[in-house]
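Working notes, structure below.
The values are calculated or read from the model by the stated rules, or taken from the named source; none is laboratory data. All figures in this text were calculated on a predicted structure; none of them were measured in a lab. With ideal geometry, Cβ positions are generated from the backbone for all residues, glycine too; neighbour counts draw on all protein chains shown. Areas reflect the complete protein model, heavy atoms only, side chains present, ligands, DNA and RNA absent. Shrake-Rupley method; radii C 1.70, N 1.55, O 1.52, S 1.80 Å.
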Amino acid sequence: MALRHQTGIPELDEMLGGGLIPGTLTVVLGATGIGKTQLGIQYLNQGKEQDGATGVLFDMTSRGDSQNHVEYADRMFNWKFRDRPISWVLESPESIWDPNVARWDALHLFQQTGKRVTMSDMNFDEQRAWKVEINRKLIDTIAFFYGNFCQGVRRCVIDGVEPTDRASDSFQFELFEYVYHQILRKEYDWVARDLLRARFREFEVEVKRHAYDYQQVSGLMLCTSHEMMLEALISRPIESGDVFSNANTIILMGKVREGSKMGRALYVAKHRGSRLDDSIRPYEITEHGLKLL
């Protein structure tokens, strides 16, 4: 059996039967400020110890606001997070295998676009222009993930997913579906084909030399909810066919009442193919991230 991907939070790994299952998708759902991003940074940092390489973060925020990844990584782990510049260009195909060129910690693809993330917020022309922008940036997305995975990265966090009334109304979920099925869950040589296109045969030997097993790559998707209370998240219905129903693991994070005060707690709502501790566990956010109580 493949070694579980530890989260960097030992008590959470214990709840998950040893950690997250490689090659699967985990969704973390909770309100703004509940601690999702700190959990994500802990998970990525754990890759250094377990996989030999820290994980990478793909920031899908489309309004230009920061998710504080750089500050969290520095404060929690003294990790000098390297955010790939939006102006970065792959100048030559062979440089994709140079870690000094292609190895980055994060990509915020839609910096300073300030766009909405739902179709209902846009008219027909705005929707079409937004889709053109997404399609234009897909090659950057492929280069980011492939350039990291071929260097030993085995875990990624998708952050900045904003709440919508229906998943089918979200451009972010539409983009994620592409990333998940056409990059994360695809054989390395086919990802390289999408990147190199007509020049794939020219670099096929180098592609094989940097082969990786996509079934060892795991994704952690951080989604913001309208609901703040954990009880409301637990009772929330899952829309059939959306990313939540397709996820292997779902972790809910929300506020709970503790007498006359409010606290934070998490609950593992789903964890296919593994034993599961279904207790509600309170936690606190420290200078070093989440700590379960």
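Things worth noting here:
- If the condition is being free of Cβ contacts under 8 Å to residues at least 60 places away in the same chain and of a type outside the set (Asp, Glu), then the stretch 242-270 contributes 245, 256, 257, 259, 260, 261, 262, 263, 265, 267, 269, 270.
- Among the residues making up the stretch 129-180, those that are assigned to a helix (DSSP H, G or I), open to solvent by 50 Å² or more (accessible area, probe 1.4 Å) and free of Cβ contacts under 8 Å to residues at least 60 places away in the same chain are 129, 131, 132, 135, 136, 139, 174, 178.
- Any hit, the stretch 192-208, residues being surrounded by 14 or more Cβ atoms within 10 Å (Cβ to Cβ), assigned to a strand (DSSP E or B), at pLDDT 95 or above and among the hydrophobic types (A, V, I, L, M, F, W, C): no
- Listing of helices (runs of 4 or more DSSP H) fully contained in the stretch 1-112 that carry 1 or more residues being in contact with a Cys (Cβ under 9 Å, 6 or more places away or on another chain) and crowded, with 17+ Cβ neighbours inside 10 Å: 36-50, 99-102
- Qualifying residue in the stretch 256-264 (condition: within 28 Å of residue 76 (Cα to Cα), open to solvent by 60 Å² or more (accessible area, probe 1.4 Å) and at pLDDT below 90): yes
- Counting the residues of the stretch 273-287 that are assigned to a loop (DSSP other than H, G, I, E, B) and touching a residue at least 60 places away in the same chain (Cβ under 8 Å) gives 7.
- For residue 141, the conditions (1) over 30 Å from residue 211 (Cβ atoms); (2) modelled with pLDDT of 85 or more; (3) of a type in the set (S, T, N, Q) all hold with the exception of (1).
- In the condition set (1) under 24 Å from residue 288 (Cβ atoms); (2) touching a strand residue (DSSP E or B) at 6+ places or on another chain (Cβ under 8 Å), residue 48 is compliant with all but (2).
- Sole exception among (1) touching a Gly at 6+ places or on another chain (Cβ under 6 Å); (2) under 24 Å from residue 6 (Cα atoms) for residue 251, by number: (1)
- Residue 215, sole failed condition from (1) loosely packed, with under 13 Cβ neighbours inside 10 Å; (2) assigned to a loop (DSSP other than H, G, I, E, B): (2)
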